[in-house]
Amino acid sequence: LSSKSEALIEKENKYGAHNYHPLPVVLEKGGGVFVWDVDGKKYYDFLSAYSAVNQGHCHPKIVGAMVKQAQTLTLTSRAFHNDQLGVFEEYVTKYFGFDKVLPMNTGAEAVETALKICRKWAYEVKGTPENQAQIIVCENNFHGRTTTIISFSNDENARKNFGPFTEGFIKIPYDDIDALEAALKLNSNIAGFLVEPIQGEAGVYVPSEGYLAKAKALCAAHNALFIADEVQTGIARTGRLLATCGNCSCTQGCENTPEVKPDILILGKAISGGVYPVSAVLANNEIMNVIKPGQHGSTFGGNPVAAAVAVAALEVVRDENLSENAERLGILLRKGLNDIASRNSLISLVRGKGLLNAIVINCDEESDLAWQICLKFRDYGLLAKPTHGNKIRFAPPLVITEAQIQDCLSIIEKALNDFK
Ligand code: PMP
């Protein structure tokens, strides 16, 4: 590391809370699939800020929309109307095929919003007795960091000494349809099932074919809401506009596969292309109309800059065919990684969908080998991050090209060969 990088890292360590463990690299510039550090070294970004920068870094159309709006009107709060909000709301609801949207800022806030809507729907529409609503969640989930959300996490490190927690959650194994059915049958107070279509933080765990459709059907049969957290999987990341779009060829919404259309859809991250914090919860009238004035909100939610940025970011997804690109290059990336695995036994498994992928390293979960490998990737000009001691996620911006994927595969193989 250069002395410049070291000094900047030291500043963070001295004055910032130690709530993260970043890879030692200090970035100062981004463009498309690339980022540059403070010494001018260029890297492929193979994380995309956990799948937020799907449209590529500093996309000129999105940044342009932000700058234009920032010079006009930035924040009114929802005390007043603003001229961008309705435009965004119409655009985003039509884009994803829902009646209504509730705009927030971060993924965790949107998850909290969805949980509140789900509970309120249970009491006011389903007829659940007061304070009895239960929500089913999955083991190894990641939905954010608020106290309610960590109440149903099974990451002990994320939970330890943060209690007491929020009640009303039932945890079942992921990708286990029988467990879901048993939980739904447990009592009549199940309000909903919150699920990640692919578990990202758990190490890019892709459920079996048909799991989501079956889960949706079971929820419908038990009058429980199917709540999809697509904060990481949404916005073209998995080769479809949404991961809940299943295998239909639709790239502009999930109308064609109503059996997996969520009752509540949670979006964040790439809905703004990583340019500005924007998240959103979508649902149809019967569900969203349970929320009345004064019952939920945020000063920044739905602000004019967020609204303008999100519309531009979603336009880019369509204009640049990012779903198709993610699907095609995801296949190429996994094939290349499997080829490397056939020559280097360090990779024990390659998995993923579209451009949300992971390699599993032949070592145990507590090892620091994945970390060491990521340091080596960095030295060779590619930035990725382990999800565990033995798993590394690969999630480049979706604007990446075939030639760039090949280049990255060479870097990955070269780095892994250093550990042979
Ligand atoms: N849900 C999922 C599925 C996520 O992957 C994340 C972030 N990794 C979140 C929610 C939380 O989003 P945020 O960090 O914006 O609060």
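The values are calculated or read from the model by the stated rules, or taken from the named source; none is laboratory data. All values derive from a computational prediction rather than experimental measurement. Here the Cβ positions follow ideal geometry from the backbone for every residue, glycine too, while neighbour counts run over all protein chains shown.
Take the residues in the range 375-390 that are buried (at least 21 other Cβ atoms within 10 Å of the Cβ) and of a type outside the set (S, T, N, Q); name whichever of them is nearest to residue 349 (Cα to Cα).
Restricting to residues being buried (at least 21 other Cβ atoms within 10 Å of the Cβ) and of a type outside the set (S, T, N, Q), the top hit is 386.
Looking only at the range 191-209, which residues are within 16 Å of the ligand (Cβ to nearest atom) and in a loop (DSSP other than H, G, I, E, B)?
Looking only at the range 191-209, we keep the residues that are within 16 Å of the ligand (Cβ to nearest atom), and these are 192-207.
Within the range 191-209, 196, 197, 198, 200, 201, 202, 203, 204, 206, 207 qualify.
Look at the range 111-150 and say how many of its residues are part of a helix (DSSP H, G or I) and in contact (Cβ under 8 Å) with a residue 24 or more places away in the chain.
17
Can you list residue pairs whose Cβ atoms sit under 9 Å apart, with the first residue in the range 224-245 being outside the structural domain of residue 263 (by TED's automatic domain parsing) and the second being within 15 Å of the ligand (Cβ to nearest atom) and of a type in the set (S, T, N, Q)? Count only pairs 6 or more apart in sequence or on different chains.
From residues that are outside the structural domain of residue 263 (by TED's automatic domain parsing), there are no pairs.
Which residue out of 65, 49 is in a helix (DSSP H, G or I), within 16 Å of the ligand (Cβ to nearest atom) and either at negative phi or not assigned by TED's automatic domain parsing to the domain that holds residue 280 (or both)? Steps first, please.
Working: 65 fails: within 16 Å of the ligand (Cβ to nearest atom).
Result: 49 is the single residue among 65, 49 that is in a helix (DSSP H, G or I), within 16 Å of the ligand (Cβ to nearest atom) and either at negative phi or not assigned by TED's automatic domain parsing to the domain that holds residue 280 (or both).
In the range 93-110, is there at least one residue being within 16 Å of the ligand (Cβ to nearest atom) and either in a loop (DSSP other than H, G, I, E, B) or at pLDDT below 95 (or both)?
Within the range 93-110, one or more residues are within 16 Å of the ligand (Cβ to nearest atom) and either in a loop (DSSP other than H, G, I, E, B) or at pLDDT below 95 (or both).
Which one of 188, 153 is more than 18 Å from the chain's Cα centre (by Cα) and either in a loop (DSSP other than H, G, I, E, B) or within 15 Å of residue 224 (Cα to Cα) (or both)?
Being more than 18 Å from the chain's Cα centre (by Cα) and either in a loop (DSSP other than H, G, I, E, B) or within 15 Å of residue 224 (Cα to Cα) (or both) holds for just one of 188, 153, which is 188.
Answer yes or no: is there a residue in the range 158-172 that is surrounded by fewer than 20 Cβ atoms within 10 Å (Cβ to Cβ), under 19 Å from residue 233 (Cβ atoms) and within 16 Å of the ligand (Cβ to nearest atom).
Taking every residue of the range 158-172 in turn, none turns out to be surrounded by fewer than 20 Cβ atoms within 10 Å (Cβ to Cβ), under 19 Å from residue 233 (Cβ atoms) and within 16 Å of the ligand (Cβ to nearest atom).
In the range 84-132, what count of residues is obtained for those that are surrounded by 17 or more Cβ atoms within 10 Å (Cβ to Cβ), over 18 Å from residue 308 (Cα atoms) and of a type in the set (A, V, I, L, M, F, W, C)?
So the count comes out to 10.
Tally time: how many residues in the range 212-234 are of a type outside the set (Gly, Ala, Ser) and within 16 Å of the ligand (Cβ to nearest atom)?
Of the residues in the range 212-234, 8 are of a type outside the set (Gly, Ala, Ser) and within 16 Å of the ligand (Cβ to nearest atom).
Since residue 348 meets every condition but one in (1) under 25 Å from residue 57 (Cβ atoms); (2) outside any helix (DSSP H, G or I); (3) not assigned by TED's automatic domain parsing to the domain that holds residue 125, which condition does it not meet?
The number of the failed condition is (1).
Do the conditions hold for residue 398, that is, is it in a helix (DSSP H, G or I), outside the structural domain of residue 240 (by TED's automatic domain parsing) and in contact (Cβ under 8 Å) with a residue 12 or more places away in the chain?
For residue 398, the condition - in a helix (DSSP H, G or I), outside the structural domain of residue 240 (by TED's automatic domain parsing) and in contact (Cβ under 8 Å) with a residue 12 or more places away in the chain - is not met.
Could you say whether any residue in the range 302-310 is outside any strand (DSSP E or B), in the same structural domain as residue 110 (by TED's automatic domain parsing), of a type in the set (S, T, N, Q) and modelled with pLDDT of 95 or more? Lay out the reasoning, then the answer.
Step one: filter the range 302-310 for residues outside any strand (DSSP E or B), giving 302-310.
Those left that are additionally in the same structural domain as residue 110 (by TED's automatic domain parsing): 302-310.
Filter once more, so that each one left must be of a type in the set (S, T, N, Q): 303.
When the remaining residues are screened for being modelled with pLDDT of 95 or more, the result is 303.
Yes, that holds for at least one residue.
What are the pairs with Cβ atoms under 6 angstrom where one residue, in the range 15-39, is at positive phi and the other, located anywhere, is of a type outside the set (D, E, K, R) and in a loop (DSSP other than H, G, I, E, B)? Sequence gap at least six, or different chains.
Qualifying pairs under 6 Å: 32/56; 32/399.
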